[in-house]
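A.B. asks: Following this message is one structure expressed as structure tokens.
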Amino acid sequence: MSSSQIDFRNLTVVELGAGTGLCSLVAASLGADAMATDRNEETLRLVELAASRQGLEVRTQHFDIIGGVPLPSCHVLLSADCMYNAEVARNLARLLARAHQRGIKTIVADSVRIAREEFEDELSSLGVAYEVEDYRFTFTGSAVSFDEDVTRSALVSFFNFLPLEPAVAPGGSTLSQ
């Protein structure tokens, strides 16, 4: 899944567990009204600094995936490499499932695979249908502690939430939701 599949212009995009804010920065560069969320206030200050230095506007908001507070309003919800433990993975699945049910486009990527099984189990228990597409990215560049180029590779899994099936009443008529 690439950012070219979505026209981000004029969409409100929220990144959960932003860390460096890369997803929010890219979304802002593509014309989105971007918001980076994280539970770490220092991380959010660094995202603000990075956005300022690049001439981008990225709003920030303190948000803890396991905090139980409602999601900020948005059109697109991004999450990249946030499944660091079982509790976070299960709560992330619940947040994304609720967003998906409300018609919010969800983009989820995972390369760390620490608690992916718990994430998938929770999605399944919530009845969320999804597909996973794996992409291997290979890149060459100088590492911080080396004077030579090194080649690295990462396997990234993208979770594609499938369209919701309309509810059907007895007799076959579609229920409005």
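A.B. asks: Could we say that Glu118 is in a strand (DSSP E or B), acidic (Asp, Glu) and modelled with pLDDT of 95 or more here?
C.D. replies: So Glu118 fails the test.
A.B. asks: If Val13 meets every condition in (1) modelled with pLDDT of 95 or more; (2) closer than 20 Å to Val112 by Cβ; (3) buried (at least 20 other Cβ atoms within 10 Å of the Cβ) apart from one, which number is that one?
C.D. replies: All conditions are met except number (2).
A.B. asks: Name the residues in the stretch 34-49 that are farther than 15 Å from Leu92 by Cβ and either of a type in the set (A, V, I, L, M, F, W, C) or touching a residue at least 24 places away in the same chain (Cβ under 8 Å) (or both), would you?
C.D. replies: Ala34, Met35, Ala36, Thr43, Leu44, Leu46, Val47, Leu49
A.B. asks: May I ask you to list pairs of residues, at least six apart or on different chains, whose Cβ atoms are under 8 Å apart, with the first in the stretch 50-71 being in contact (Cβ under 8 Å) with a residue 24 or more places away in the chain and the second being among the hydroxyl-bearing types (Ser, Thr, Tyr) and assigned to a helix (DSSP H, G or I)?
C.D. replies: Correct list of pairs: Ala51/Ser24; Gln54/Ser29; Leu56/Ser29; Val58/Ser24.
A.B. asks: Out of Ala80, Ala99, Ala86, I need the residue that is touching an Asp or Glu at 6+ places or on another chain (Cβ under 6 Å) and touching a residue at least 24 places away in the same chain (Cβ under 8 Å). Which one?
C.D. replies: Ala86
A.B. asks: Collect the residues in the stretch 97-115 that are within 14 Å of the chain's Cα centre (by Cα) and farther than 23 Å from Pro72 by Cα, keeping them in residue-number order.
C.D. replies: Ser111, Val112 - these are the residues of the stretch 97-115 that are within 14 Å of the chain's Cα centre (by Cα) and farther than 23 Å from Pro72 by Cα.
A.B. asks: Quick check on Ser125: is it modelled with pLDDT of 95 or more and not charged (D, E, K, R)?
C.D. replies: yes
A.B. asks: Now for a different question. Please return the ranges of strands (runs of 3 or more DSSP E) entirely within the stretch 25-95 where 3 or more residues are more than 22 Å from Asp110 (Cβ to Cβ).
C.D. replies: 58-62
A.B. asks: If a residue has to be surrounded by 16 or more Cβ atoms within 10 Å (Cβ to Cβ), out of contact with any Gly (no Cβ under 7 Å at 6 or more places or on another chain) and among the β-branched types (Val, Ile, Thr) to count, how many in the stretch 38-78 make the cut?
C.D. replies: Summing the residues that are surrounded by 16 or more Cβ atoms within 10 Å (Cβ to Cβ), out of contact with any Gly (no Cβ under 7 Å at 6 or more places or on another chain) and among the β-branched types (Val, Ile, Thr) in the stretch 38-78 gives 2.
A.B. asks: Shifting gears a bit: Residues of the stretch 54-111 being of a type in the set (Phe, Trp, Tyr) and touching a Lys or Arg at 6+ places or on another chain (Cβ under 8 Å), which ones?
C.D. replies: Phe63
A.B. asks: In this structure, does Glu42 turn out to be of a type in the set (D, E, K, R) and within 21 Å of Arg98 (Cβ to Cβ)?
C.D. replies: Here the answer is no, as Glu42 does not meet what is asked.
A.B. asks: Might you let me know whether the stretch 131-153 holds any residue that is more than 25 Å from Leu25 (Cβ to Cβ), hydrophobic (A, V, I, L, M, F, W, C) and in contact (Cβ under 8 Å) with a residue 12 or more places away in the chain?
C.D. replies: yes
A.B. asks: Just a yes or no: is a residue in the stretch 1-24 hydrophobic (A, V, I, L, M, F, W, C), touching a Phe, Trp or Tyr at 6+ places or on another chain (Cβ under 9 Å), outside any loop (DSSP other than H, G, I, E, B) and under 12 Å from Leu78 (Cα atoms)?
C.D. replies: Yes, because at least one residue in the stretch 1-24 is hydrophobic (A, V, I, L, M, F, W, C), touching a Phe, Trp or Tyr at 6+ places or on another chain (Cβ under 9 Å), outside any loop (DSSP other than H, G, I, E, B) and under 12 Å from Leu78 (Cα atoms).
A.B. asks: Looking at Ser173, Ser111, Ser145, which is the one that is within 27 Å of Val13 (Cα to Cα), of a type in the set (Ser, Thr, Tyr) and at pLDDT below 95?
C.D. replies: That would be Ser111, the only listed residue that is within 27 Å of Val13 (Cα to Cα), of a type in the set (Ser, Thr, Tyr) and at pLDDT below 95.
The values are calculated or read from the model by the stated rules, or taken from the named source; none is laboratory data. As the structure is a prediction and not an experimental result, all values here were calculated from the model. Reconstructed Cβ throughout: ideal geometry from the backbone, glycine too, with neighbour counts over all protein chains shown.
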